[in-house]
């Protein structure tokens, strides 16, 4: 889904077009759910968060205004991130990365080795780096969009992603 | 090498994307209820009236009407009354209106009716100007400034005739040679910024007295000495921060500031909380 398509669908959805909202769901949910699953490491919880995120997004959709630097996708991920933060605040702790217990790669996947390697690398990276890589590669967000979500400068995001990749490279 | 790691994460990222098991059910539920949520959010949006902005805009309007009245009252209360050596009363209209200005009066001596009535012949166009100098200075450090003024007066060969210094108010009456007057004025003006000083210079011609003494063949040395002496008074008053802001930003600064806050809060709400 290109940013223009996304913008057009959002405008239609704001006018009450259910089909457009359905298309937005189809385009964004795999990324969003993948991100939530990888962040929370808990499938039922990720599903709840996904639902909560969409409920909040749809409820606030009439007041959403598209910006060049951050579109609907980035906004949705920002809501999801807030939901996760709220959950962790209430739970009082963060679920630590444990690929063996929670997130073993799918055996049916064609690139199992690659996934295992990526997971092993991620397990050795700090949480900030993991979050950046999730937003960059699972959510497929641009540097500008990540900057908006994390509320930091886009240059800082670029530098941090570069450093995270550099650190990851050491573990290959 | 870097491309390699990027490829690894790129493939990983794509592989991680997934839909929940109850995807269709969740989708239908969300979309099915979207109308109700939109309606609810519309109601919420209506309820979210920009009270903050409106409140500040209201305060700005109130300040627009009230602030000049407050300032007028403050100015009236603090109006100064100077009296020069000839007994001519000179009144300052208060801090905000006259500060930073220099008022020069070519005053007529009211005690000499024939002069005022034009009985003095114009054939004698000599000028024996007697200068009186008064200044009103506003400062946050009254004591320091009072001491500096004394030093300046004495430094120019003058004398202090009376002195009254308190925490918030000081008056200094002095006399100094006329030839040092310009240098003295320069130094007094350098003490504070132009906005914080009001000068009041009056001069009147002592020609009638000179002519009178000439007619009666009296010695007019005393009169000439008087002319060669500048007399005056400097009033130093403490200034509040409110008055300083008013001096710099004008009488409507508070109304403008409140209006700006209202506008900024509205813009902030409109573009950053949408």
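Where a number appears in this text, it was derived from the coordinates with a stated rule and is not lab data. Quick caveat: nothing in here was measured; it's all calculated off a predicted structure. Backbone-built Cβ (ideal geometry, glycine too); neighbour counts: all protein chains shown.
Ordering of B:7-16, A:160-169 by packing is B:7-16, A:160-169, highest average first (other Cβ atoms within 10 Å, averaged per residue).
Shielding value for A:35-42 is 2, the average number of Cβ atoms from other chains within 10 Å of each residue's Cβ.
Label reach from residue B:190 (point 7 Å along Cα→C-beta): in the range B:159-183, amide nitrogens under 20 Å belong to B:159, B:176-183. Note: relative contact order over the range B:123-226, using C-alpha pairs below 8 Å and six or more positions apart, is 37 percent. In chain A, the longest principal axis of the Cα atoms and the axis of helix A:3-14 are about 50 degrees apart. For the peptide B:26-32, the mean number of other protein chain Cβ atoms found within 10 angstrom of a residue's Cβ is 6. Per residue, the convex hull spanned by the Cα atoms of the range A:1-41 measures out at 67 cubic angstrom. Across peptide A:120-133, the mean count of Cβ atoms from other chains lying within 10 Å of each residue's own Cβ comes to 1.
Taking one quarter of the surface of the C-alpha convex hull of the range A:11-94 gives a mean projected area of 5.7 nm². Principal-axis analysis of the Cα atoms of chain A puts helix A:154-170 at an angle of about 30° to the longest axis. A protection proxy built from the mean count of other Cβ atoms within 10 Å ranks the segments B:214-226, B:133-145, most packed first, as B:133-145, B:214-226.
For the range B:124-260, the Kirkwood radius over C-alpha pairs fed into Stokes-Einstein at 20 °C and 1.002 mPa s yields D = 126 µm² per second.
From most to least packed by mean Cβ count within 10 Å, the peptides B:21-27, B:231-237, A:8-14 give B:231-237, A:8-14, B:21-27. Projected label points at residue B:166 and residue B:180, each 7 Å from Cα along the beta carbon direction, are separated by 3.0 nanometres. Annotation: for a label point projected 7 angstrom from Cα along Cα→Cβ of residue B:62, residues of the range B:240-258 with backbone N closer than 15 Å are B:254-256, B:258. For chain A, the Kirkwood radius over C-alpha pairs fed into Stokes-Einstein at 4 °C and 1.567 mPa s yields D = 76 µm² per second. Against the longest alpha carbon principal axis of chain A, how many degrees, from 0 to 90 and to the nearest 10, is the axis of helix A:18-40 turned? Helix A:18-40 sits at roughly 20 degrees to that axis. In this calculation the C-beta distance from residue B:122 to residue B:148 is compared with R0 = 51 Å, giving a FRET efficiency of 0.70.
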